[in-house]
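These notes concern the structure reproduced below.
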Amino acid sequence: MNFTERSYRQHHRQEDLVHFQMVVEETDLDIGVRKERFSTQLVEWVEETIRACRGPLEDYVRRDPGFLKALTPYPVLSDAPLIVQTMAEAGRLAGVGPMASVAGAVAEWVGRAIGKRSRDVIVENGGDIYMRTSRIRKVGVFAGDSPLTNRVAIEIRPDQTPLGICTSSGKVGHSLSFGKADAVVVLSPSVALADAVATACGNLIQTVDDLERTLEFASKITGVTGVLLIKDDRLAVQGSVKLIPMNI
């Protein structure tokens, strides 16, 4: 696997949707929409939407640079834009810095906007997914060198969406993690929260002995609906997570 080329994206792409990639500065999104909704005009509009999402966040970071570097919950200014407030609250609930939720927050912001134009939409940002769907879908789980990698998928039902499906790993990708989990997947209606909790859970896992206490930690966070943990050849799951074989 070439992680730098984000080949893991094959695990969430759907045959009935048109997927396209959109890169705006550091933001690199893989976006799926209904085929009849896809057009060059939509692509141009999505680029404008991403810039509209990034703008307030970039402006805020210039005013409050501590927000960018904090590794623990960080109080934001009273006039902070909504996306900043959302990230700060996700970090507070998960016990991590607000930037641990940035990929999920952007995915949700852009996904909700696209959702006004396409009934089915998937926005993936560095392994963090916003999904709204009218049919049952599956999202494959990539877990690096674990023997469980590419073996299982999570089934997502329409009534679970809009939903955040966020992944953290201590071995795959460039995101900061203090743990050694092969994969942590967290489900929540708030993509920012799922992203932050996935980071927090990943930080807790050094060995397979940490799986149980990590599930207990995640289960106490309001808004988390499901958790999947993979370390070596062990898998732990809790909440509304339906696992199916990858080849189905």
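Screening residue 244 on (1) closer than 15 Å to residue 95 by Cα; (2) in contact with a strand residue (DSSP E or B) (Cβ under 6 Å, 6 or more places away or on another chain); (3) surrounded by fewer than 20 Cβ atoms within 10 Å (Cβ to Cβ) shows it passes everything except condition (1).
Here residue 54 fits the description: charged (D, E, K, R) and surrounded by 12 or more Cβ atoms within 10 Å (Cβ to Cβ). With respect to the conditions (1) touching a residue at least 60 places away in the same chain (Cβ under 8 Å); (2) in a helix (DSSP H, G or I), residue 59 lacks only one, and its number is (1).
Take the residues of segment 203-224 that are assigned to a loop (DSSP other than H, G, I, E, B) and among the aliphatic types (A, V, I, L, M): which is farthest from the chain's Cα centre (by Cα)? Break it down stepwise before answering.
Of all residues in segment 203-224, those assigned to a loop (DSSP other than H, G, I, E, B) come to 205-207, 220-224.
From the residues that got through so far, the ones that are among the aliphatic types (A, V, I, L, M) too are 205, 221, 224.
Values: 205: 19, 221: 17, 224: 13 Å.
Only one residue tops the list, namely 205.
Among the residues of segment 97-155, those that are assigned to a strand (DSSP E or B) and of a type in the set (A, V, I, L, M) comprise 121, 122, 123, 129, 131, 139, 152, 153, 154.
On the basis of being out of contact with any Phe, Trp or Tyr (no Cβ under 9 Å at 6 or more places or on another chain), at pLDDT 95 or above and either aliphatic (A, V, I, L, M) or more than 15 Å from residue 99 (Cα to Cα) (or both), does residue 44 make the cut?
Numbers: out of contact with any Phe, Trp or Tyr (no Cβ under 9 Å at 6 or more places or on another chain): yes; at pLDDT 95 or above: yes; either aliphatic (A, V, I, L, M) or more than 15 Å from residue 99 (Cα to Cα) (or both): yes.
So residue 44 passes the test.
For segment 67-84, the count of residues that are touching a Ser or Thr at 6+ places or on another chain (Cβ under 9 Å), part of a helix (DSSP H, G or I) and crowded, with 16+ Cβ neighbours inside 10 Å is zero.
Taking the listed residues 153, 113, the one that is surrounded by fewer than 19 Cβ atoms within 10 Å (Cβ to Cβ), of a type in the set (A, V, I, L, M, F, W, C) and touching a residue at least 60 places away in the same chain (Cβ under 8 Å) is 113, with no other qualifying.
The values are calculated or read from the model by the stated rules, or taken from the named source; none is laboratory data. These numbers come from a predicted model, not from an experiment. Quick reminder, even Gly has a Cβ in these numbers, built from the backbone with ideal geometry, and neighbours come from all protein chains shown.
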